[in-house]
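Below is one structure, written out as structure tokens; the observations come after it.
The values are calculated or read from the model by the stated rules, or taken from the named source; none is laboratory data. In this text the structure is predicted, and so the values were computed from the model without any measurement. When we count neighbours, we look across all protein chains shown, and the Cβ atoms used for this are built from the backbone with ideal geometry, even at glycine. In case anyone asks, the SASA skips ligands and DNA or RNA and just uses the protein heavy atoms, side chains included. Shrake-Rupley method; radii C 1.70, N 1.55, O 1.52, S 1.80 Å.
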2 protein chains.
Amino acid sequence: MAMGRPREFDADAALDQAMEVFWRHGYEGATIAQLTEAMGINPPSLYAAFGNKEGLLKAALDRYTAKRAAWMEEVLSAPTARDVAERMLMGTADSQTDPDNPPGCLLVQGGLACGTGSENVPFELAARRALTEDQLRERFVRAKKDGDLKPTADAAALARYLSAVSAGMGVMASSGADREALRQVANVSVKVFEEQSAKR
Amino acid sequence: MAMGRPREFDADAALDQAMEVFWRHGYEGATIAQLTEAMGINPPSLYAAFGNKEGLLKAALDRYTAKRAAWMEEVLSAPTARDVAERMLMGTADSQTDPDNPPGCLLVQGGLACGTGSENVPFELAARRALTEDQLRERFVRAKKDGDLKPTADAAALARYLSAVSAGMGVMASSGADREALRQVANVSVKVFEEQSAKR
DNA sequence: CCACATCTGTAGCGAACGTTACATTTATGG
DNA sequence: CCATAAATGTAACGTTCGCTACAGATGTGG
């Protein structure tokens with residue numbers, strides 16, 4: 001049977017553009033007109049490919065997390081919990097002030113509170129932030145088994161803490177904090193892990 | 001000369017209601033219809049009293065910070081930098097999970113990214129967050145003079161750090177973190193200040 | 001008691017929103 | 001080369017948005 005006319009735009013390239021619009025303006029602040037213009041397509045193409053605005057957001061979030069997966073692996077592969085924290089927070093400071101991206105983190109900027117009818121959006125963002133926290137917690141559980149973190153260290157609390165700090169850095173970055181300021185926050189935050197490391 | 005018909009609603013009580021709507025739905029997610037209904041007034045009364053939606057937000061923010069001023073004084077009056085940090089973060093954990101309020105912090109929930117035409121809103125929120133950071137920095141400068149913080153401690157960095165952590169806690173609270181989880185984050189965060197305190 | 005000033009409720013304004021109908025174009029399968 | 005299937009561009013749909021004109025109500029100053 002016939003296959004139909006092939007799509008003329010690159011879905012991934014279009015998603016990169018959509019990602020940036022959501023990142024800069026938030027889910028509700030981003031309009032379909034802005035999105036289609038940035039993506040270089042017309043509304044029917046958007047709706048055919050992604051369903052609706054929320055579907056487009058989910059696709060953009062998938063691409064966002066996929067792009068960060070490699071970096072996250074590198075973070076988690078650091079030798080000690082302290083180094084994991086340092087790589088995580090320093091990398092966060094840098095990426096949230098990268099002039100190639102909008103400031104802050106898409107998973108925070110996307111929208112913490114939304115209007116009636118978009119309640120799923122904050123949920124969706126929170127779920128993806130939780131994934132990172134889960135990875136960190138598991139890594140810290142391992143660090144305890146490795147004898148790298150004190151036996152009394154609370155892996156879940158430390159993961160939550162890192163999650164909170166990086167979210168907070170996102171808030172500050174979005175309101176104009178520069179790279180140096182975020183690195184200061186990262187440096188201060190890491191000290192907690194030095195205190196929680198096993199004596200050697 | 002004549003004074004005109006007096007206003008029938010209590011502006012402060014109405015602002016409390018508006019505050020809650022902005023808090024829960026964000027600036028863009030809050031509609032005039034929701035606001036007027038919560039405030040118990042009709043649109044013309046809102047516009048006569050506050051100018052427009054953004055003016056209403058500013059008035060609500062003023063009331064928000066005014067309500068927190070007393071608490072902030074109590075935080076800053078703690079005897080040591082460490083205690084300031086503890087009161088600040090524990091109080092934040094509690095207020096951000098207070099069932100009487102929407103979760104999180106209005107100054108974060110209000111809107112980090114907004115659509116074209118509302119660019120002032122994130123700015124306005126950031127300015128008010130910065131005020132708290134300024135107060136903390138000054139308090140830590142004093143703590144250094146008091147010999148309470150190490151001479152090598154960086155007051156600005158510590159203030160930024162506290163600001164980041166409390167913003168991050170707001171993000172987590174808005175996505176459902178409970179009081180216990182936030183208190184864990186607070187407890188971990190405070191350890192930094194113990195390390196930065198002068199030996200005694 | 002009258003003239004004036006301001007608030008209130010109704011009702012609706014123009015604009016922008018997310019979304020889609022429709023005709024056209026461009027490919028594939030037979 | 002024709003029939004089918006899917007994507008495209010134009011144009012517009014209905015709804016909701018922030019906001020306001022207007023008329024009536026309610027107070028104060030003279």
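Summary of values
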{"read-out": "Cα gyration tensor, the stretch A:11-196 - rounded (a/c under 1.5), prolate or oblate", "value": "prolate"}
{"read-out": "Anisotropy class of the protein assembly as shown from Cα gyration tensor, a/c 1.5 cut", "value": "oblate"}
{"read-out": "Identity and axial distance of the chain B residue whose Cβ lies nearest the axis relating B to A, Å", "value": "B:168, 2"}
{"read-out": "Using a Förster distance of 41 Å, the FRET efficiency for residue A:90-residue B:66 (Cβ separation, nearest 0.05)", "value": "0.60"}
{"read-out": "Nm distances between copies for residue B:180, ranked from closest, using label points 7 Å along Cα→Cβ", "value": "4.4"}
{"read-out": "Projected label distance in nm at residue B:127 and residue A:156, using a 7 Å step from Cα toward the beta-carbon", "value": "4.2"}
{"read-out": "Dipole magnitude of the protein assembly as shown about its Cα centre (Cβ charges: Lys, Arg +1; Asp, Glu -1), debye to nearest 20", "value": "980"}
{"read-out": "Net length gained if the chain between residue A:179 and residue A:198 were fully extended (0.36 nm per residue, minus Cα distance)", "value": "3.8 nm"}
{"read-out": "Accessible carbon and sulfur surface of the protein assembly as shown relative to its total accessible area, %, 1.4 Å", "value": "50"}
{"read-out": "Principal-axis tilt of helix B:53-76 within chain B, Cα atoms, nearest 10 degrees", "value": "30"}
{"read-out": "Sorted peptide list for B:87-97, A:177-187, criterion being average Cβ within 10 angstrom, highest first", "value": "B:87-97, A:177-187"}
{"read-out": "Interchain or long-range residues, amide H under 5 Å from residue A:149's placed H", "value": "A:144, A:198"}
{"read-out": "Accessible area buried, both sides summed, chains A and B with 1.4 Å probe, Å²", "value": "3000"}
{"read-out": "Two-site label geometry, residue A:52 and residue B:5: point separation in nm, points 7 Å out along Cα→Cβ", "value": "4.1"}
{"read-out": "Rounded to the nearest 20 debye, dipole of the stretch A:11-196 from Cβ charges on Lys, Arg, Asp, Glu", "value": "400"}
{"read-out": "Exercise: per-residue mean of other protein chain Cβ atoms within 10 Å, A:147-157", "value": "1"}
{"read-out": "Label geometry 7 Å along the beta-carbon vector: residue A:48 inter-copy distances in nm", "value": "5.4"}
{"read-out": "Ascending list, in nanometres, of distances separating the residue A:151 label from those of the other copies (7 Å, Cα toward Cβ)", "value": "4.1"}
